[in-house]
Amino acid sequence: MRQPVLYIAVAILVVTTGILLIFGGSGDIAGLAPAEFANAAYLSIFALLIGASLALGRHRINARLWHIAVWLAVFLALAAGYRWFNQPPTIFVPDEGARSTSI
């Protein structure tokens, strides 16, 4: 058991799942709605695993910078894909005071 980061992430997942199963239908959990609490737990696990892979990875600074760049590219690709496929439809409503010009 050299690096227990995976065990910590699994423990967080198990504890938050248990909390959601027990208290999920009764209102707020730690001041958050159950969906927000689950989202915060998921993001904390994701951040823990990414941070551990960067901090506990290879000892060369070039490899760490490369890993940071790859994770940043993955994040930006996912954000762009989410924005591309989940954008609200654009509706153009002309201004009533605008004049139309024809050439």
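Directionally averaged projected area (the range 5-59, Cα convex hull): 3.7 nm². A Förster radius of 41 Å combined with the Cβ-Cβ distance from THR17 to ILE91 puts the calculated FRET efficiency at roughly 0.50.
Laboratory data are not the source of any read-out in this text; all were calculated from the coordinates shown. Small disclaimer: the values here were computed from a predicted structure and weren't measured. Methodologically, a virtual Cβ is constructed for each residue, glycine included, from the backbone with ideal geometry; neighbour enumeration extends over all protein chains shown.
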